[in-house]
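One structure below.
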Amino acid sequence: MSFGNKMYVSALVFCIVISVARCSGNLGFPPGFKLGVATASYQVEGAWNVSDKGESIWDRLLHTQPSLSADGSNGDVACDSYHLWRRDIEMAVELGVDMYRFSISWPRLLPSGFANYVSEDGKRYYNNLIDGLLEKGIEPVVTLYHWDLPQYLQDLGGWANPLIVDWFADYARVAYTLFGDRIKTWLTLNEPLIICDGGYNKLWAPYLDDLKVAAFLCNKNVMMAHAKAYRMYDEEFRPLYQGKVSFPNIFFWFEPETPADAEAAVLTRQMWHDRYAHPVFSQAGGWPPELEKVLLANGKREGYPYPRLPPFTQEEINYVKGTYDFYALNHYTTRLVRRVKPGEAGSWIFYGSEEINVAIVNDPSWTTAVTDWFAINPTGLRKQLHWINSTYGISDILITENGLPTFEKDLLDVNRITYIRSYLEQILLAINDGINVMGYTAWSLMDNFEWLAGYTVKYGLYDVDFTSPNRTRTPRESARYFSNLTKTRTLTDDNIYYLRNVTKNTKALKTLAIMEC
Ligand code: BGC
């Protein structure tokens, strides 16, 4: 057989294998796999000063420096979910999801930031939302902190002040006490990387420029705060309610550009992932060892009298270690890593390439969505799930966010469907490999306030008309896709045929043709 023929036969065999896998139901979700959608308080609630709500760091930032957001907007009204929560629940019902992940606004529940006073309206709002979801058989998954810190606590030093560990635990106790009878999945702090490396790198509120010191102080405090909230639940609330607690880590999957960059990739993962995972998920606990050494040496060279990354005591290591019931993963994209070339400055959106001398780049073969930080590489997710499993010995993983940004209103959002489907396929392959991915949460239920991108970037399964006073929500094609998915619970061709039938559109059909073998 000629080489060309061999290639043809291999391709044919590959196609048959894939088709058999699809038809034989290998691409069906296992029983118990949950499908959900997510939002976050500042991004959807609005009602920034309604009733006795306190000011958050996002309110302060965008009221004092409106030009920081791409369109000069803010979350004052956002999707107005504070008033339109019934419609939000209705949309979750339309989608047929098993779970809805939302966050509690700390300053809405505790206007002063402290547990001295609990807002009745805040309580009522979250009780309504939780009860409304439960009435429809949808599990509320609650994030305690999705970045809207009470401004007063920021004035006292925010996440750089170690006292925040107690402030956060007090807040967590209030939330567990009020809602713990109905919430079975708690997420403490959304993406600590963004809280520290974003907040002190003028990328997110409080928009400070203090990477060399404050960001590292923040690192330890977020880990301690999570651990305290976890341990409190474990001791005081788990015996009553049997819920589970973790925190969503954002994790760009980092691959070495060439085999020679393998070590650089290890250090890169330590810098932007393990700094927020090793203390909790590793057997040894504490900071990732190689990174801790590098940062210590860099700090010494620069004359700092103390380690900038504050060391944990042995007692603290033991306190933080093991404070999880599953791994919560927010995954969007992949990057290649290599050592910097002589004379080249490492750079990336987040601080730190210069500390570890790496460059973070895109593979030119990957397509990018609206922003170039967003490279689409679905296989990265499967690799990452394996990596989490083998590095930390964790099998139970919940995908707490995944989704595609677009600029256009585009109700026929075929790219989003393709993205979600291709990432789900990698999840199913990982499940078939033996990893217990417990569920998938699409970001986002609807378009919302996308931080400093304002309303220019859209992630919603539902379009939101931000010019209409009632913030009209309209399902995109991806919402129909998702609601079909929650019914069929499979990625077999049914979904593709379904799409072909509903969309009847050339753009869609072209994409679908690519998706098929
Ligand atoms: C955050 C969301 C954000 C999304 C898209 C995630 O990292 O948790 O709040 O909207 O990314 O940028």
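The values are calculated or read from the model by the stated rules, or taken from the named source; none is laboratory data. Quick caveat: nothing in here was measured; it's all calculated off a predicted structure. Here Cβ is always computed from backbone atoms with ideal geometry, including for glycine, and neighbour counts include all displayed protein chains.
Could you tell me whether any residue of segment 256-263 is in contact (Cβ under 8 Å) with a residue 12 or more places away in the chain and part of a strand (DSSP E or B)? Yes, there is a match, as at least one residue in segment 256-263 is in contact (Cβ under 8 Å) with a residue 12 or more places away in the chain and part of a strand (DSSP E or B). Just one of the listed residues (PHE326, PHE251) is aromatic (Phe, Trp, Tyr) and touching a Lys or Arg at 6+ places or on another chain (Cβ under 7 Å), and it is PHE326. Before we move on, is ARG124 crowded, with 24+ Cβ neighbours inside 10 Å, at pLDDT 95 or above and basic (Lys, Arg)? Here the answer is no, as ARG124 does not meet what is asked.
Filtering VAL77, VAL37, VAL93 for residues that are of a type in the set (Val, Ile, Thr), touching a residue at least 12 places away in the same chain (Cβ under 8 Å) and surrounded by 22 or more Cβ atoms within 10 Å (Cβ to Cβ) leaves a single hit, VAL37. Hey, any hits in segment 420-435 for a residue that's assigned to a strand (DSSP E or B) and surrounded by 18 or more Cβ atoms within 10 Å (Cβ to Cβ)? Among the residues of segment 420-435, not one is assigned to a strand (DSSP E or B) and surrounded by 18 or more Cβ atoms within 10 Å (Cβ to Cβ), which makes the answer no. Residue count for segment 436-445, restricted to those that are closer than 15 Å to ILE388 by Cβ and either in a helix (DSSP H, G or I) or of a type in the set (A, V, I, L, M, F, W, C) (or both): 2.
So that you can scan it fast, the table gives a plain yes or no per residue for (1) under 28 Å from ILE194 (Cβ atoms); (2) within 16 Å of the ligand (Cβ to nearest atom):
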| position | (1), (2) |
| --- | --- |
| GLN426 | yes, no |
| ALA442 | yes, yes |
| ASN448 | yes, yes |
| PHE466 | yes, yes |
| PRO469 | no, no |
| THR474 | no, no |
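For ARG269, the requirement of being buried (at least 20 other Cβ atoms within 10 Å of the Cβ), touching a Phe, Trp or Tyr at 6+ places or on another chain (Cβ under 6 Å) and part of a helix (DSSP H, G or I) is met.
Among the residues of segment 106-138, those that are closer than 11 Å to LEU178 by Cβ, of a type outside the set (Val, Ile, Thr) and under 23 Å from the mean Cα position of the chain (by Cα) comprise LEU109, TYR126. State whether one or more residues within segment 225-248 are farther than 27 Å from TYR117 by Cα and buried (at least 24 other Cβ atoms within 10 Å of the Cβ). Scanning segment 225-248 turns up at least one residue that is farther than 27 Å from TYR117 by Cα and buried (at least 24 other Cβ atoms within 10 Å of the Cβ). Please indicate, with yes or no, whether at least one residue in segment 20-32 is in contact (Cβ under 8 Å) with a residue 40 or more places away in the chain and buried (at least 24 other Cβ atoms within 10 Å of the Cβ). Within segment 20-32, not a single residue is in contact (Cβ under 8 Å) with a residue 40 or more places away in the chain and buried (at least 24 other Cβ atoms within 10 Å of the Cβ). Restricting the search to strands (runs of 3 or more DSSP E) fully inside segment 311-410 and requiring at least 2 residues that are within 16 Å of the ligand (Cβ to nearest atom) and either closer than 21 Å to LEU203 by Cα or at pLDDT 95 or above (or both) gives 327-330, 334-339, 397-401.
With respect to TYR117, is the statement that it is without any contact (Cβ under 8 Å) to a residue 40 or more places away in the chain and either in contact with a strand residue (DSSP E or B) (Cβ under 8 Å, 6 or more places away or on another chain) or surrounded by fewer than 19 Cβ atoms within 10 Å (Cβ to Cβ) (or both) true? When the stated conditions are applied, TYR117 passes them.
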